[in-house]
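Shown below is the structure under consideration.
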Amino acid sequence: MGVRIKSTGTSRAEDTNSIIEHSARAARESLQRVGMRTDQVGVFINAGIFRDSNTVEPAVSALIQKAAGIGLEYGEDDPRTFSFDLMNGAVGVLNAVQVATSILETGSAEHVLIVSGDTHPSLTRSAADAEFPYATSGAALLLEHTEEPVGFGRVHIARDAGTPAIESFVDTATMGTVGRGLMTVVREPGFEDRLLAVAVDAARAALAEAGHTDVSSTVLIASTPSAEFPIRLAQTLGIEADSVRSADLSEGDPHTAALPLAYDRAVTEDSLAAHTHVLFVAAGAGPSAAAVLYRLPVLAGTPA
């Protein structure tokens, strides 16, 4: 038994830069793909970081949930959907998987829907640039418990001491009256090497606990602080370059949406069928990383 990905959803449309709308569209798509009703979602988790106009309150998960039309029934006997934000940079989506697994394994909910994605708070751009290195997009993972021997293993975490490697903040000394549309991102020299080191530690821990010594049939899906990062990680772990799957990086790093976008693309392109496992690895500010080994169903290339 385990927790598996039932469906995925994505949004990269050009008619909006709102992460609330992108995440809501991805959430709706993930439900529509499997013919699920919105009232079947018991828990809704948002792992995105950069949001419309630097919104602080209410929780962005609630705004996305409303836009997606999930859990809006208020009758006495209507089902409830509990939502919350879980923010830990690029690592957040795997932290959300960790929480979702605990919820589903205890039977506290039938399905958990995770959304992630980021946008520039000014809502004036979708592509990454030197000032803000993240692309606008939304993604969703719909998870369910299964009695089959497939799905996620235990999520492993790794951290490094010292400075955070990446920092994002609104400079209150200079924000003036336009602070809701500003964001400063600082990447320290050598940040990618530091992310790689913790990513390797987390990945090796996940593989070791599972006794997964043969990675010849394993796909790697990793964060993309650079386009080369997943390849560098694969080389260190002994995974072939042609077993690396990434999201469309034409507009830059999707940040918190990188892993679900890559998985969705791999399923859509039917490029998982020759593999038995996916190793998900996320690394970001801290520096910190998380990794989990995912055992694929037999018909891996068929969308759920």
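Which of Ser246, Ser226, His277 sits closest to the plus end of the dipole of the chain, meaning its Cα is farthest towards the positive end, when Lys and Arg get +1 and Asp and Glu get -1 on the C-beta?
Checking the options against the dipole of the chain, the answer is His277.
Let me ask something else. Can you tell me how the chain classifies by the Cα gyration tensor, rounded, prolate or oblate, using a/c under 1.5 as the rounded cut?
Note, shape of the chain comes out oblate.
Here's another thing I want to ask about it. Pop out the ³J(HN,Hα) list for segment 210-223 in order, Karplus 6.51 cos²θ - 1.76 cosθ + 1.60 with θ = phi - 60°, rounded to Hz; leave Gly and Pro as x.
Whole-Hz 3J(HN,Hα) from phi for segment 210-223: 7, x, 8, 8, 9, 9, 5, 10, 10, 8, 9, 10, 9, 4.
I would also like to ask the following. Summing +1 for each Lys or Arg and -1 for each Asp or Glu, what net charge is found among the other residues whose Cβ lies under 11 Å from the Cβ of Phe229?
-3
Whole-Hz ³J(HN,Hα) for each residue in segment 266-272, computed from phi via Karplus 6.51 cos²θ - 1.76 cosθ + 1.60 with θ = phi - 60°, x for glycine and proline: what do you get?
With the stated coefficients, segment 266-272 comes to 5, 5, 4, 8, 6, 10, 10 Hz.
Using +1 on the beta carbon of Lys and Arg, -1 on that of Asp and Glu, and nothing else charged, what's the dipole of the chain about the Cα centre, debye to 20?
Magnitude of the dipole: close to 160 debye.
Next up: Would you mind pulling out the separation of the Cα centroids of segment 7-68 and segment 155-201, in Å?
Using only Cα atoms, the two centres lie 24 Å from each other.
Would you kindly state how much longer the chain becomes between Arg125 and Val186 on full extension, computed as 0.36 nm times their sequence separation minus their alpha carbon distance, in nm to one decimal?
Once the chain is fully extended between Arg125 and Val186, it gains 20.1 nm.
Show that you can apply the helix-only estimate: for the chain, add -39,500 (n - 2.57) for every DSSP H stretch of four or more residues, divide by all residues, and state [θ] at 222 nm to the nearest 500.
-8000 deg cm²/dmol
Moving to a separate point now. Report the net charge of residues surrounding Arg51, where surrounding means a beta-carbon distance below 13 angstrom and charges are Lys +1, Arg +1, Asp -1, Glu -1.
It works out to a net charge of -4.
Please identify, among Asp15, Asp171, Asp52, the residue showing maximal mean-square fluctuation in a Gaussian network model of the chain using a 10 angstrom Cα cutoff.
Asp15
Kindly write out, for segment 237-248 in residue order, the coupling ³J(HN,Hα) from the Karplus curve 6.51 cos²θ - 1.76 cosθ + 1.60 (θ = phi - 60°), rounded to whole Hz, with x marking Gly and Pro.
8, x, 9, 5, 4, 7, 9, 9, 10, 9, 6, 5
For the modelled label position 7 Å from the Cα of Thr174 along Cα-to-Cβ, which residues of segment 181-222 have backbone nitrogen atoms closer than 17 Å?
Only 181-188 fall inside the zone, counting backbone N under 17 Å.
With N set to the number of residues, divide the alpha-carbon radius of gyration of segment 186-304 by 2.2 N^0.38 Å and report two decimals.
Its radius of gyration relative to the 2.2 N^0.38 Å reference: 1.01.
Readers should treat all values here as calculations from the given coordinates under stated rules, not as data from a laboratory. Small disclaimer: the values here were computed from a predicted structure and weren't measured. Here Cβ is always computed from backbone atoms with ideal geometry, including for glycine, and neighbour counts include all displayed protein chains.
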